Structure formats: structure tokens, C-alpha cells
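Working notes for the structure below.
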Amino acid sequence: MDEEPERAKRWEGGYERTWEVLKEDESGSLKATVEDILFQAKRKRVFESHGQVRLGMMRHLYVVIDSSRTMEDQDLKPNRLTSTLKLMEFFVEEYFDQNPIIGNVLLFEINTFFYICFDAGNPKKHVAALKKAVGSTCLGEPSLYNALNIAMQTLKHMPGHTSREILIIFSSLTTCDPANIYELIKTLKELKIRVSVIGLSAEVRVCTILTRETGGSYNVILDESHFKELLMLHVKPPPASSSSECSLIRMGFPQHIIASVSDQDAKPSFSMSHLESVDEGPGLTLGGYYCPQCRAKYTELPVECKVCGLTLVSAPHLARSFHHLFPLDAFQESPLEEHTGDRFCQACQGELKDKSVFTCPACSSVFCTECDLFIHDTLHCCPACIHTQGAS
Amino acid sequence: MKLNIEGLLVYFPYDYIYPEQYSYMLELKRTLDAKGHGVLEMPSGTGKTISLLSLIVAYQKAYPLEVTKLIYCSRTVPEIEKVVEELRKLMEFYTKETGEKNNFLALALSSRKNLCIHPEVSSLRFGKEVDGKCHSLTASYIRAQHHSNPSQPVCRFYEEFDAVGRQVPIPSGIYNLDDLKDFGRKKGWCPYYLARYSILHANIVVYSYHYLLDPKIADLVSKELAKKSVVVFDEAHNIDNVCIDSMSVNITRRTLDRCQTNVDTLQNTIQRIKETDAAKLREEYRRLVEGLKEANVARETDIYLSNPVLPDEVLQEAIPGSIRTAEHFVGFLKRFLEYLKARLRIHHVVQESSPQFLKDIYEKVCIDRKPLRFCAERLRSLLRTLEIADIADFSPITLISHFATLVSTYSKGFTIIIEPFEDKTPTIANPVLHFSCMDPSIAIKPVFERFQSVVITSGTLSPLDIYPRILDFRPVTMASFTMTLARTCLCPLIVGRGNDQVAMSSKFETREDFAVIRNYGNLLLEMSAIVPDGIVAFFTSYVYMENIVASWYEQGILENIQRNKLIFIETPDAAETSMALEKYQEACENGRGAILLSVARGKVSEGIDFVHHFGRAVIMFGVPYVYTQSRILKARLEYLRDQFQIRENDFLTFDAMRHAAQCVGRAIRGKTDYGLMIFADKRYARADKRGKLPRWIQEHISDGSLNLTIDETVQLSKHFLRQMAQPFRREDQLGLSLLTLEQLQSEEMLEKISQIAQQA
């Protein structure tokens, strides 16, 4: 957010009681607390892993962003809307990265029913749409009922083995509904649609009930970083309810075929997924992924084949999704003083300088804070373990 | 869990206990040990009721000879029901733990309206109608007539009860109102009379204040209760007003007109009886000569709770000759009535003391003090003799007779104010005679004298020392308990200025000030945008609320508020208010959000709880001083100053602050609840006001929350609401504000607990 030109004047904003966090140590120095804060900031981690639970790997997530009057509020900088959209961009990328098999993020705004994007499986489009929405003005009162209703109409038709989720970013404290929302909540519950809410201002009763009934989570943000943290909680697939259907899914693993220009037979062709979009040029390319069943061509994976309906993925996608099922155990944290042995991180080979070190319970390798974060957030496997496996 | 409270084994029906509950029980036990009275303040929502019940029941079990009965007085029927439910839980726990069958009898008592099972009578809507109808079916002469003339209707439930009910005691157990009705239906007994009879040997009685404090009712219901009882007044912060109301009499022209009809009826009936059954009147006369000897004997042997309407002198003397015969008495009443009528025909305000009034009445119509004093007793006897079925019709004349007795009995503590018109409508003549009690101790004195221990408790009793002074008793314990909290779930803020730095206050001089009204409006508008679900706003009076709301409407503030939340308004009409309340709750429930504009001292501020989302913020606009120009109040203040050395201002502030505390206390009903308490008046920041708030609120007012502007308030509230919205689990409370038995027994915790109670 630093690059953002700050539109709000500082004095218009809230009091940030930064001084309250700081505490002097015996010698009157602030150094210790400052370091502690920095350290804490580095190490925010998500950690209670569920162990061996069935997770809903194929997700259909509807993200609904409030765009009522209250989004103009400047308690998030520069205002709630911009801040939210910015974080959403990050969220979308992260989401597709972590849930590559089939991810549907569908975004739209509540009160005006102005769809930002209604396309599945392509993060770029979402991001573009989010960027476009940044400047838009927010007016009027939101209606939780209408938003849920529209989301429900779409999600209703998703297959039963996938998870159906709605995530609402709710900034307002009021909702002007055309009908009794409790009826709708009942329907949502029957359809096994999980609704989660992230509140931007305070706890609203109807959201508490909505999320409790449908099995979602309800959180209220404290500040921007907390907001981001809460959003990231939704990246991880939720545990599947035991009653949801199980089914085998046919999947195709197309090879990427690059036709060399010199090849005379090669003709540029359209990607099936681009046929409907008008704004992105002709989309004629030489190579691509060909559906093993019907030979339709796609430039990007994962995708559902438009022609025969086969789910097309690549093997790495599948593998990436697996880490949710077999999460890497949290490393043991121990103070640096107690650590005996090499003072080097196994991963980056840097010197261990932070207060704590992290030990992998499997191979007892030692890592620094930053590597620990990288391993858990991105790699999802311990490099040292893999190394030893490979060696043996 | 089983607790050891200074050597007393107390069964507590929950697995966890709040530290303040433990502390409360300690204090209560000390009160009982000393056989004295106590004043205990503990915040609402911290389990006051169950602590009280657990301890007193345990005490009763341990020392059955010391304490035989618990009389638990509460305010409303739902509160009574709640107490009984808690008691039931406790008793189940006892049975489970000790394995033996309980021989405890506990029951709730309420009016006939809530207990009647007679198909016709119970379908009536108003309490008075039910009482009257019941009386017309169960009075002794009606039943006597029934014997000779079977077509005369009687209540079969009462008949059944009368025939067998008294011999067979009600089986031990816990009875709430519905249980009593069920039991009554099963046996065919009248639940009301059964309950009234059973309270004599019940171990625990739960009923309303009035059964003890109102002399008219107390005489019927409570006078035979054992001396070794413990009396608990719950939610007793208004007990002085209840006492005063129960002793005061207001007489309007309408009352007098209806009295006139009553007197005529009496006269006709006497005439008729005289022709048919003169012996009956002679019998009555003889009885009156004998005097009220019997009643006197009873009082001397200490069987009854003394009745303040029936003073000792009356009992020792026979009814004076001048009113002994029925005709003479009716004539006497007529004269008295005419005198009162003449007094009401005035054009200026008159205030006089009882002796002055007596002197005047003697000069004008030659009515002596002595017969006046016997008036109430004589009328009762007459009504009984004349076999008048519908007592309800005779309420005006009964009222007048009470007035006559009181005015001639008490020369101190009462005042008579005759006003030719109401203050609000000085052009419409509507003369009222207020016979106003200024000394609450008169009504409550018999209770303190009779019962071994009386405990006065509530969430808001600060400052504690004022209650013993105005009620004139000497407590052995006075303590105020704080609320131990795992998170600061209440946030009192004192807003003193608007964003334009204009001071906000509801004081008289600035009341009409445009800037103040606008700032109040802005405050509500800003709060409506950031507080979720329900906001309750209290004004100091209906008039003030009307003015402000009208002015907000003109300034367009209301329109802006309505974009955030719906607005509901309390009115003096009970039906309208309960409708508004219902809709308010609905709006909070389905997320639209709502604001309830109500009045301190109104119905909403007293009995209605706004748990969780129903009240996320309470805004108190102004300091709710009582209307100080009222003559009754002025007389009372003067009396307090002269008799109890309480300065006017002290009392007014005390009264205002206890109402303010009541209002803001509506939002917090437990430890998991949270709410903002906004005091919108700069006068709250002063130490004399702030110091009179209950300790559990005062603790959370830091210097940083005094004299804020509106936008500062908004910032603090936003921060608070976000903090509170973070997940809060029971584990977070454990060890801090919620204890297991082991934790309770640790030295460290006992040390902490000893600090919770602050002795006044």
C-alpha cells in the first residue's frame, strides 16, 4: 500500500496508538520491543492444521464484496474499497496458486449487482476486473439477501462433490432486505452452501447466525494486516462435510505441444477458452494443450473442456493441491541459545540471527525464521527431508 | 461443585464459579450469622440470584432452627419465574449430589390474574376484574347463601380447596406459577388460595415486593410469616419509591364522585338490611364495642407482621361511639367526603401538614381525630357485615378511608398538597389532593423489625450508604462487588462536547440551545453508522424527547439516521411501547439495525434487558434528574434534609445517577455480553456525578474517556467494537473471571477475591 498516493489527510484518520505497543525495558530502551514486534510480524502463521481430514478439494467460491456507502470509510488506507480490492488481487492469485484443480472465484458487488467478473479458472481476468473497479464510487445500502440469493442461484447448479462457498466482505452494519433472510439461510443450509463473512467494522448479529448455521466462519478485522490474515484463511480448502457426495472424476492430462514455426502443417488456431471473450484479440496461437478426448485446444490449464466437459489439469497442479491433505508439520521453535550445532540455516545457509530457530521434527534440520515461513507457505515440504530421501 | 464458605457446605449447581459470586456468598453468610440486615451491590449478569439461593438454602439446611424461611421479593412476574427456575436447578443438583429426596417446599406467588384456573374468571383481562369476580364467587356469605340456595354460583376450585386442601399439605418440591396451576387442576383446588395458604409452611417463597411492602396486601398475605425468615429484596434500587408509593394516596375529583356513589349504595344497603335483618347490624355493633381485642392479642403474641395502616393505639381502644352504628358511620363518611370536595374547590396550591389538616377539618365539619383513625377498620367491618359482593367497586371509598386513617395516625412523614391543576396544563382545572408519604421507612419498618435478616441487593445501589439512611435501618454488612472480566467488555465514555466544541448538556439553561440539540443529533447519527444492530438511547423526559426529535426532524438528522438504522420510540402508552419494542427486536435480529428512543425512568429503562445484539450501545442524553419543580418532590427533599441530614443536591444527584446507571446497565447482561455506555453530558465528568456510579462501571472510566468530542468517541467506539468482535471462548475466561473448584482454592485466588468486595 506504500506506493498508493495517500488521498486521506492524516488528521482525518483515526488515532493510531502506536505508542501503546511500545514498552521500555529496564534500561529505558525501546529496542527490545521493536525487535519483538518485527519478529512477530514476520512470523504470523496459520497453524492449526487439521491432520487427516477429508478436505473439499474442488471448490466453488463466490466472493461478494460490499460496495455500499460505508466502503468509502477511510479507516483502512486510503479507503476501505481500495484497500479491499488490493487485498483481493493478492487473494485471487494466492487462491489459484493453492487450489489449482478447479477454482472458481466469482466476484461481484452487492448492492448494485454490478458484476466484476463471471469467469472461472482464470486469475488474470479477476485481477484485471478488480483493478478496474478501484475507482468506482460506492453508494446506497447493501442487501445481504439479494447478494446471497444471486450467489445461491449460481452455486445451486454446481456438482455435489465440490464445495460450495460464499465469502462475503461486509463493510456495512445494516442490510436492507426485501424478504426474511432467515428463510434464505435455511435454504442455504439445505443446499450445503457454506457462507463465511469478513466484517470490516463490527460484529453484526445476522452474520453470526448466517455463518453459524451454514458452517462458515465469521471474523471481524482489526486492521489491514489482520484483514489480510483473515483472507488468507480462506485460501485453504475447508474440511468437507461428511455428508457431501463422493465421486470419481475423470481428468485429462494434456501435453503441451509446441509446434515449431518451421513445421508446415502447423496452423494457428483459437483457444477454446478465448472464443467467448472479445476483448483479448484474436487469440490465435500455434501451440497449446489439446484435450486428450476431443482435441480441443486450450492455452491455459486448468480448465474444463468446453466441448466434452473433461477436467483438464497438469500433474503439478494435482500435486500442489495435495499438500492440503498432507500438511507439513509445524517446525519446533526453540530459542537460539539452546541450539547446539551449526549456526547456519539448512535452507539458505545464512547465519542464524533471530531469537528462535526452527527444527523439522522429521529430519531435525534447523531453519531460520524466514525459511520456515517460505517452507510452510510456499514449498509445503521440507527441503532437507526431500534431500535425504533422494540421497538414500 | 461443593464449596466451603467459612465452614458452611454450599452446593453450587455449576461447574464453574465467578470469583465475585464466592465473595458475595461470604458477605451474605456473615450477614446471616450476625442475624442482621445487609446491603449488597453486585453487577447484573454475574449470577446474583444463584449465589443468593445456594447460600441461603445451604444455611437453612445446616441450621434449620436459625433460619426457617427465605422470602425472595422480586419485581416482575418474569423475574419471579427466573428465580424459581434457578432454584429448581439448585434442588436437582442437591438431589443428585446427596442422593436423598428433598423435603424442600418452594413456591412462587402472584396475583389471582396469574394463578386463576376458573374458566370464566381467568379469561378476564384486567387484574382488578379478576379479583372482583373471584371475590364475588368465594366470599364467605356468598358461600353461605350457596348452602341454602344451590343456584348461587360459587367457585368449585375454592370449594374443593376449602374442603380438603388445608388438611393435606402440598407435597414438597419446587412450584412456579404454571406448576401451581397444573397441581391445582389435577387436584381441583384453587392454586391462588393454595399458594397463599402454603407460603406459611414453605421453605422458600418467591413473590413481588408489594406482598410485603404494601400495607393493604401485606396484611392479607404476609402477616403470618415466621419471624426467623430471611427476606431478600432483589433489584432493590427503587425500593424507597415502592415504599412511598404504597403509602401515598392521590385523590381526584373523579375519586370523590365515585365515593359519593359508594356512599349512596352503602346507605341504601343499610336501609334495606335494617328492614330485613336488624339483628345483623346489632351483632356488628356488639363486636365493635368489644373492640379489636383479638387483633391486639395476636400482635402481642407476635404472630403477625404489624400493619402500618393499623397503628397500635387503634388496637388497644374500642371503636369510638360516634361511628359505631352503621348509619352514623355513613353520615360521618358523607361529612368527610363533603369536606374533601370543598377542599378540592380551590384555585391556588395548598400545602399543609397532617396536624394542620386535622385542625382544619375539626373546625370546618367537627370531625375529630379519633374516629378518623378508625375509619379504615370500621369500613372494612361494615362491608363485611353488609355482604357486599363486589369489593372492586368499593375501591374509591376504601382509598378514602385509608387516607383518613393515615392522616390521623402519622403526624410526621406525610404531607398534603392540593393542586388545582397540573403543571403541564395550567388552564384546565383538575384538582388533585396528594397525600404524599415522604418517609420510605414507614412502610418498610415492620419488615425490618419483624424479620431476622433483610438483604437488599441490586446491580446499582451506589452510593451504598444512602439506602440505610433513607430506609432508616442499621445494616451489618454493606458491600459493593466488582465484575472480574477476562476482557473489558464495557466501555463507558463521557461525551462532553460536539465537534464544534460546544458543550453538550441537558441542563435547563442550554436545553433549548440549537447547537446542543444538533450535537446530540450528530452523536446519534455518528453512532448509528458504526454500532451494529441495536442502540438504545435514553432521554431525561418525554417532553424533552419530543422536543429534540421534532427538532432533529426539521434539521434532517432523522432522515440521515434512518439510512443506517430504523427508529422506534417509547411512548407513555404501554401497548404502543411493547409493539415498538417487538419491532425493534425484530429489526436487530435480521440485521437492519434499529434505534430505540426511550426515557429514563420509563418502562424500558427499568424492566427490559437488551442482551447482546439488542443493545450494543446505550446513549444517555443528559442527566436524568427528576422533575425538580414538583411540589411533592420539594416536600420530600425538605423532609430528607430535616430528618436525615441528606442535602437536597446529594439526593437529587443520587437519584439521577442511579437511574442513569440503570439505563446504561441494560446493555451488559453477562460476561460474554459487551456494550458501549455513552454518557452524553459534560456534567458526568465531574467527580460528584462520576463517584455515584456503581463501582463496576466507575472502574472502567479512565481519564482518557472523560469529556470527549464526538469524533473522539467514534474512534474509541470503533476500536472497542472491533476488539470485542474477536472470538471469545470460555477458555479465555477460565482462571481469570471463571473458576473451577481447584482454582478457587488456591491461596492466590483467595487473596484476589478478598479484594473484590469493597466495604462501604
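The values are calculated or read from the model by the stated rules, or taken from the named source; none is laboratory data. The structure presented is a predicted model; accordingly, all values stated were derived computationally and were not measured. Reconstructed Cβ throughout: ideal geometry from the backbone, glycine too, with neighbour counts over all protein chains shown.
Observations
- Consider region B:694-728 and keep the residues that are within 14 Å of chain A (Cβ to nearest Cβ) and among the charged types (D, E, K, R). The one that is farthest from B:T46 (Cα to Cα) is B:D711.
- Residue match in region B:535-542 (condition: within 14 Å of chain A (Cβ to nearest Cβ) and more than 29 Å from the chain's Cα centre (by Cα)): no
- Residue within region B:505-519 that is hydrophobic (A, V, I, L, M, F, W, C) and either within 14 Å of another protein chain (Cβ to nearest Cβ) or closer than 30 Å to A:E183 by Cβ (or both) present: no
- Among residues of region A:311-322 that are within 17 Å of A:T162 (Cβ to Cβ), those with a beta-carbon under 8 Å from a residue that is modelled with pLDDT of 70 or more and of a type in the set (D, E) at least six positions away or on a different chain give the pairs A:T311/A:E304; A:L312/A:E304.
- Taking the numbered list (1) more than 23 Å from B:S717 (Cβ to Cβ); (2) at pLDDT 90 or above; (3) under 23 Å from the mean Cα position of the chain (by Cα) in turn, B:K603 passes all entries but (2).
- Residue match in region B:643-664 (condition: touching a Cys at 6+ places or on another chain (Cβ under 6 Å), part of a helix (DSSP H, G or I), surrounded by 21 or more Cβ atoms within 10 Å (Cβ to Cβ) and in contact (Cβ under 8 Å) with a residue 24 or more places away in the chain): no
- The single condition from (1) out of contact with any His (no Cβ under 6 Å at 6 or more places or on another chain); (2) in a loop (DSSP other than H, G, I, E, B); (3) closer than 17 Å to B:T488 by Cβ that B:T713 fails is (2).
- Options B:L566, B:L558: the member that is within 14 Å of chain A (Cβ to nearest Cβ), free of Cβ contacts under 8 Å to residues at least 60 places away in the same chain and either surrounded by fewer than 24 Cβ atoms within 10 Å (Cβ to Cβ) or out of contact with any Asp or Glu (no Cβ under 6 Å at 6 or more places or on another chain) (or both): B:L566
- Region B:348-368, subset of a type in the set (D, E, K, R) and under 18 Å from B:G331 (Cα atoms), residue surrounded by the most Cβ atoms within 10 Å (Cβ to Cβ): B:D368
- All told, B:M42 falls short of being without any contact (Cβ under 8 Å) to a residue 40 or more places away in the chain and buried (at least 23 other Cβ atoms within 10 Å of the Cβ).
- Selection status of B:C134, on the phi < 0 side of the Ramachandran plot and in contact with a Leu (Cβ under 7 Å, 6 or more places away or on another chain): no
- Enumeration of residues in region B:87-101 that are of a type outside the set (S, T, Y) and surrounded by 18 or more Cβ atoms within 10 Å (Cβ to Cβ): B:L87, B:L90, B:M91
- A:R164, sole failed condition from (1) away from chain B (no Cβ under 14 Å); (2) closer than 17 Å to A:F91 by Cβ; (3) assigned to a strand (DSSP E or B): (2)
- Residues in region B:369-383 that are in contact (Cβ under 8 Å) with a residue 40 or more places away in the chain and surrounded by fewer than 21 Cβ atoms within 10 Å (Cβ to Cβ): B:K370, B:E377, B:S381.
- Index of the failed condition, B:I456 passing every other in (1) at pLDDT below 90; (2) under 22 Å from B:D214 (Cα atoms): (1)
- Answer residue from region B:733-749, given it is more than 37 Å from the chain's Cα centre (by Cα) and either in a helix (DSSP H, G or I) or within 14 Å of chain A (Cβ to nearest Cβ) (or both) and is surrounded by the most Cβ atoms within 10 Å (Cβ to Cβ) among those: B:Q743
- Any hit, region B:662-684, residues being among the small types (G, A, S), farther than 29 Å from A:V204 by Cβ and modelled with pLDDT under 90: no
- Screening B:I753, B:I678 for residues that are aliphatic (A, V, I, L, M), surrounded by 15 or more Cβ atoms within 10 Å (Cβ to Cβ), more than 14 Å from chain A (Cβ to nearest Cβ) and not in a helix (DSSP H, G or I) leaves exactly one candidate, B:I678.
Yes/no matrix, rows are residues, columns are (1) among the basic types (K, R); (2) surrounded by fewer than 18 Cβ atoms within 10 Å (Cβ to Cβ); (3) over 36 Å from the mean Cα position of the chain (by Cα):
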{"site": "B:S480", "(1), (2), (3)": "no, no, no"}
{"site": "B:P492", "(1), (2), (3)": "no, no, no"}
{"site": "B:G498", "(1), (2), (3)": "no, no, yes"}
{"site": "B:R511", "(1), (2), (3)": "yes, yes, no"}
{"site": "B:N519", "(1), (2), (3)": "no, no, no"}
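- Annotation: of all residues in region B:682-693 being crowded, with 18+ Cβ neighbours inside 10 Å and in a loop (DSSP other than H, G, I, E, B), the one that is nearest to the other protein chains (Cβ to nearest Cβ) is B:L693.
- Number of positions in region A:180-195 that are within 14 Å of another protein chain (Cβ to nearest Cβ) and either touching a helix residue (DSSP H, G or I) at 6+ places or on another chain (Cβ under 6 Å) or part of a helix (DSSP H, G or I) (or both): 7
- The strands (runs of 3 or more DSSP E) found wholly in region B:1-119 and carrying at least 1 residues that are among the hydroxyl-bearing types (S, T, Y) occupy B:8-11, B:69-74.
- Elements of the type helices (runs of 4 or more DSSP H) sitting completely within region B:151-245 and holding at least 3 residues that are over 21 Å from the mean Cα position of the chain (by Cα): these cover B:156-160, B:177-187, B:191-198.
- Any chance B:V365 is more than 17 Å from B:Q260 (Cβ to Cβ), modelled with pLDDT of 85 or more and not assigned by the TED database to the domain that holds B:R143: no
- Any hit, region B:618-633, residues being more than 14 Å from every other protein chain (Cβ to nearest Cβ), polar (S, T, N, Q) and either closer than 30 Å to B:L738 by Cα or in contact with a His (Cβ under 7 Å, 6 or more places away or on another chain) (or both): no
- From the list B:A594, B:A617, B:A574, the lone residue that is in the same structural domain as B:Y684 (by the TED database), touching a residue at least 24 places away in the same chain (Cβ under 8 Å), within 21 Å of B:R666 (Cβ to Cβ) and touching a Ser or Thr at 6+ places or on another chain (Cβ under 9 Å) is B:A617.
- Scanning region B:715-735 for residues that are closer than 19 Å to A:T70 by Cα and at pLDDT below 85 yields nothing.
- Qualifying residues in region A:126-146 (those that are in contact (Cβ under 8 Å) with a residue 40 or more places away in the chain and crowded, with 24+ Cβ neighbours inside 10 Å) - the one nearest to the other protein chains (Cβ to nearest Cβ): A:L144
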